[in-house]
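A short worksheet on the structure shown next.
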2 protein chains.
Amino acid sequence: MAGPEWESLEQCLEKHLPPADLREVKRILYGKETRKLELPGRAFEAASKGDFELQGYAFEAAEEQLRAPRTVRVGLVQNRTPLPADAPVAKQVTALHRRIEAIVEVAAVCGVNVICFQEAWTMPFAFCTRERLPWTEFAESAEDGPTTRFCQKLAKKHDVVVVSPILERDREHGDALWNTAVVISNSGAVLGKTRKNHIPRVGDFNESTYYMEGNLGHPVFQTQFGRIAVNICYGRHHPLNWLMYSINGAEIIFNPSATIGALSECLWPVEARNAAIANHCFTCAINRVGEELFPNEFTSGDGKKAHRDFGYFYGSSYVAAPDGSRTPGLSRNRDGLLVAELDLNLCRQVNDIWNFKERLQEAPSRAEGRVSSSRSWCAREEPLGQMMPRQQTLINSPLV
Amino acid sequence: MAGPEWESLEQCLEKHLPPADLREVKRILYGKETRKLELPGRAFEAASKGDFELQGYAFEAAEEQLRAPRTVRVGLVQNRTPLPADAPVAKQVTALHRRIEAIVEVAAVCGVNVICFQEAWTMPFAFCTRERLPWTEFAESAEDGPTTRFCQKLAKKHDVVVVSPILERDREHGDALWNTAVVISNSGAVLGKTRKNHIPRVGDFNESTYYMEGNLGHPVFQTQFGRIAVNICYGRHHPLNWLMYSINGAEIIFNPSATIGALSECLWPVEARNAAIANHCFTCAINRVGEELFPNEFTSGDGKKAHRDFGYFYGSSYVAAPDGSRTPGLSRNRDGLLVAELDLNLCRQVNDIWNFKERLQEAPSRAEGRVSSSRSWCAREEPLGQMMPRQQTLINSPLV
């Protein structure tokens, strides 16, 4: 295994394949080519100065007679933790706030409307240690913790919807911890939150030591720029999980993650992309980069000696579209911002062609009595004009 | 688009990438490397003489203390129709029988235990025409039609389980047509049949003009070599469909298909592979090759002029494993036989590590009253020793 120094699949293919072959390889691997997005020069300059990668692509849809294009620019942020894991908690959080602030500045210059950070972005991914302190000190209130307040400011300043995945401390309910994403409207208001539905118990991912499966179902958030959902990390392995967000109306599903080379790299290009295809929606897969070293050694249940690191997070964040196309991935080892312009009209257009969910969409009316939870999940600030009524939850959330 | 003359993704990468880069590209694209299977020289000679490709790979599992390896060799056959579509029906069928007979001979030399042919293998894929005659004349009884009898002979002669996807004529029920796979035991007995659950209404795939969604649920067949299911063609786009075969106990799910370059080539490497990952089982994706020219022109609902061909079927058949690894694909344009040795112990081993379906497996006992069909589907000849009881069907089949 080449390890984290190997930059990216795309860079390797670009370097070695003759143009005609490269075109064909890309067509088979990535589908219809995504147009490169023209981004302002000063954005590239700022990214270069800030030492992070910037890439931009556009997914296009056919012109329609009765609907204008519904273009939205999403921003996916991947980054390493700037300070070592044994630095004081408050300093680590502040350093991450500063790092993200700089990247969001560039995203704003690129016209990003909705930005999503990586899973548990305010902390090192310390769940491998099974230690409590200091790691649980990174937990914050989703509603009014310092990170949420920080994101509210960003949202208002840049007119951008912010998806902020954090370790949540629910003070109202026994100080429980959750793996949560807070969704903040471009107005600055907290639209709501969603919790990770599937908790790994694999290798160094000892997360159920800290928090359990989410209890908020599969909420979808109506924003000014489209209906979004957040399928946190391990949820990407579960087709039913993606399906439920989609049935509840999501047009874009973010998948903020933290996953490592040895465990999942060959699954990474497959799962979020399959979800975009199967559900006729856009999916945004985000993974952190870098290696994180912890003060005390731990074992991984794999017969190997105790160690202090997790392996490397391989980045490679990408956006997949309902027509099976996808962007190249960001680097495997550098901080980065991926800007993708999506025409959300593509979702219905592909749905009208393939119609993979047709009979599921009919289901709620046919399934009365079998529906175990009829909560209709769509958080929003204002009454919706063109909003479709939400489908009922077909399968109760503990199963999905 | 390069078209059908472009041999394969793998061949292109092998040709142009330096060894170290090739290894890394393969690791990211295909996961853990599959070992090349040593097949007899005379098999390669016969394949070369018969002008079809032969490739062999092995998927390995860890050694266990209480279970011996459960290795099974599967054979995937992709082929073009040897005679033009306007040749007499009986001659076309006979030519296909001869072609397949020759390939199965080689499969037997390679020690194949379970072989699967492509969708509707005894005919050109004529559903684009929307004409009845002569195409409906290709339909046969699943239980005792000439093709089933032919396969029974092959099965007995070579001690091989045969999965034979045909256009079925159900004489017992109003002469209805179905898109069916007949499963024939290595003893020569018909184990049962399964019907395509999702019928495309896309482009030239006008199949509901001929037959509708299957009414047999998601049967799993216990064979001497493991529990198998058949998810025919369009069913691969539906994660719930794969899931139901898996929940009903399938360890290997075959996906005999007929699909073309312009429509689905970038989805092909994603969907069956995602199903293997999500369901901790092996999946075998099979697509035909070649171009088929029909006597009368037809339109495709895409604004283009009437034409007489379908585009090219791009082959690229492959096997995917529960650990996310996969074999290279067969050629995009040649007839071929892919032999894969699977250690079925890998399914439970990966399940024990990742456990993606854990809570679904608990579901039947928790879901009593919500289960709409409790038919337990597993066709078999003899009482089972180590067979687990089948799970109930969680979701009624019309929805899935």
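The values are calculated or read from the model by the stated rules, or taken from the named source; none is laboratory data. All values derive from a computational prediction rather than experimental measurement. Don't worry about glycine lacking a Cβ; one is built from the backbone with ideal geometry, like all the others, and counts go over all protein chains shown.
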Item to complete: Those residues that are among the charged types (D, E, K, R), outside any strand (DSSP E or B) and either modelled with pLDDT of 95 or more or surrounded by 24 or more Cβ atoms within 10 Å (Cβ to Cβ) (or both), I need them from the range B:336-352; list them, please.
Response: B:348
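Please go through the range B:290-300 and give me each residue that is among the aromatic types (Phe, Trp, Tyr) and either within 9 Å of chain A (Cβ to nearest Cβ) or surrounded by fewer than 20 Cβ atoms within 10 Å (Cβ to Cβ) (or both), ordered by number. Break it down stepwise before answering.
Here is the first cut: in the range B:290-300, the ones among the aromatic types (Phe, Trp, Tyr) are B:294, B:298.
Within the range B:290-300, just B:298 meets the criteria.
Go over the candidates A:331, A:316 one by one and state the one that is assigned to a loop (DSSP other than H, G, I, E, B) and within 10 Å of another protein chain (Cβ to nearest Cβ).
Working: A:331 fails: within 10 Å of another protein chain (Cβ to nearest Cβ).
On inspection, the qualifying residue turns out to be A:316.
Step by step: first the residues of the range B:272-289, then only those that are part of a loop (DSSP other than H, G, I, E, B) and surrounded by 24 or more Cβ atoms within 10 Å (Cβ to Cβ), then the one that is nearest to the other protein chains (Cβ to nearest Cβ). Which residue is that?
First pass over the range B:272-289, keeping only residues part of a loop (DSSP other than H, G, I, E, B): B:280-281, B:288.
So of that shortlist, the ones also surrounded by 24 or more Cβ atoms within 10 Å (Cβ to Cβ) come out as B:281, B:288.
Numbers: B:281: 13, B:288: 17 Å.
Within the range B:272-289, the match that is nearest to the other protein chains (Cβ to nearest Cβ) is B:281.
So, in the range B:250-271, exactly how many residues are more than 10 Å from every other protein chain (Cβ to nearest Cβ) and assigned to a helix (DSSP H, G or I)?
Number satisfying all stated conditions: 1.
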Worksheet item: Would you say residue A:26 is without any contact (Cβ under 8 Å) to a residue 40 or more places away in the chain and surrounded by 12 or more Cβ atoms within 10 Å (Cβ to Cβ)?
Response: yes
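Just the residues that are of a type outside the set (A, V, I, L, M) and under 15 Å from residue B:324 (Cβ atoms), please, taken from the range B:344-354.
Answer for the range B:344-354, where residues must be of a type outside the set (A, V, I, L, M) and under 15 Å from residue B:324 (Cβ atoms): B:347, B:349, B:351, B:354.
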Worksheet item: For the range A:353-386, what are the residues that are at pLDDT 80 or above and of a type in the set (A, V, I, L, M, F, W, C)?
Response: A:353, A:354, A:356
Discussion item. I'd like to check something: does the range B:211-220 contain any residue that is in a strand (DSSP E or B) and either crowded, with 19+ Cβ neighbours inside 10 Å or among the acidic types (Asp, Glu) (or both)?
Written reply: yes
Worksheet item: Just a yes or no: is a residue in the range B:286-304 among the hydroxyl-bearing types (Ser, Thr, Tyr) and more than 28 Å from residue B:122 (Cα to Cα)?
Response: no
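Of all the residues that make up the range A:156-197, how many are not β-branched (Val, Ile, Thr) and not in a loop (DSSP other than H, G, I, E, B)? Steps first, answer last, please.
So the first thing to find is which residues in the range A:156-197 are not β-branched (Val, Ile, Thr), and the list is A:156-159, A:164-165, A:167-179, A:181, A:185-189, A:191-193, A:195-197.
Checking which are not in a loop (DSSP other than H, G, I, E, B) leaves us with A:156-158, A:164-165, A:167-170, A:176-179, A:181, A:191-193, A:195.
Total satisfying the criteria: 18.
Just wondering, is there one or more residues in the range A:148-160 that are under 27 Å from residue A:299 (Cα atoms), buried (at least 17 other Cβ atoms within 10 Å of the Cβ) and in contact with a Ser or Thr (Cβ under 9 Å, 6 or more places away or on another chain)?
The answer is no, given that none of the residues of the range A:148-160 is under 27 Å from residue A:299 (Cα atoms), buried (at least 17 other Cβ atoms within 10 Å of the Cβ) and in contact with a Ser or Thr (Cβ under 9 Å, 6 or more places away or on another chain).
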Worksheet item: Got at least one residue in the range B:319-339 being over 24 Å from residue B:35 (Cβ atoms), touching a His at 6+ places or on another chain (Cβ under 7 Å) and either touching a residue at least 12 places away in the same chain (Cβ under 8 Å) or small (Gly, Ala, Ser) (or both)?
Response: no
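Rundown of residues vs (1) of a type in the set (A, V, I, L, M, F, W, C); (2) closer than 25 Å to residue B:31 by Cα, yes/no style:
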| residue | (1), (2) |
| --- | --- |
| B:250 | yes, yes |
| B:255 | no, yes |
| B:258 | yes, no |
| B:264 | no, yes |
| B:272 | yes, yes |
| B:279 | no, yes |
| B:287 | no, yes |
| B:291 | no, no |
| B:296 | no, no |
Worksheet item: So residue B:174 fits all but one of (1) small (Gly, Ala, Ser); (2) buried (at least 24 other Cβ atoms within 10 Å of the Cβ); (3) free of Cβ contacts under 8 Å to residues at least 12 places away in the same chain; what number is the exception?
Response: (2)
Fill in: the range B:108-146, residues that are surrounded by fewer than 24 Cβ atoms within 10 Å (Cβ to Cβ) and of a type in the set (Ser, Thr, Tyr)
B:129, B:136, B:141
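Looking only at residues in the range B:133-157 that are out of contact with any Lys or Arg (no Cβ under 7 Å at 6 or more places or on another chain) and among the small types (Gly, Ala, Ser), which one is nearest to residue B:184 (Cα to Cα)? Can you show your working first?
Here is the first cut: in the range B:133-157, the ones out of contact with any Lys or Arg (no Cβ under 7 Å at 6 or more places or on another chain) are B:133-138, B:143-157.
Cutting the leftovers down to among the small types (Gly, Ala, Ser) gives us B:145, B:155.
On the way: B:145: 13, B:155: 7 Å.
Once the filter is applied, the top-ranked residue is B:155.
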Practice prompt. Working only within the range A:170-188, note down all residues that are over 16 Å from residue A:229 (Cα atoms) and touching a helix residue (DSSP H, G or I) at 6+ places or on another chain (Cβ under 8 Å).
Written response: A:177, A:187, A:188
Worksheet, complete the sentence: Filtering the range B:226-245 for residues that are assigned to a helix (DSSP H, G or I), within 11 Å of another protein chain (Cβ to nearest Cβ) and not hydrophobic (A, V, I, L, M, F, W, C) leaves a count of 6
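Which residues, counting only those in the range A:290-305, are in a loop (DSSP other than H, G, I, E, B) and free of Cβ contacts under 8 Å to residues at least 40 places away in the same chain? Full working, then the answer.
Taking the range A:290-305 first, the residues in a loop (DSSP other than H, G, I, E, B) are A:299-305.
If the condition is that a residue be in a loop (DSSP other than H, G, I, E, B) and free of Cβ contacts under 8 Å to residues at least 40 places away in the same chain, then A:299, A:303, A:304, A:305 are the ones that fit.
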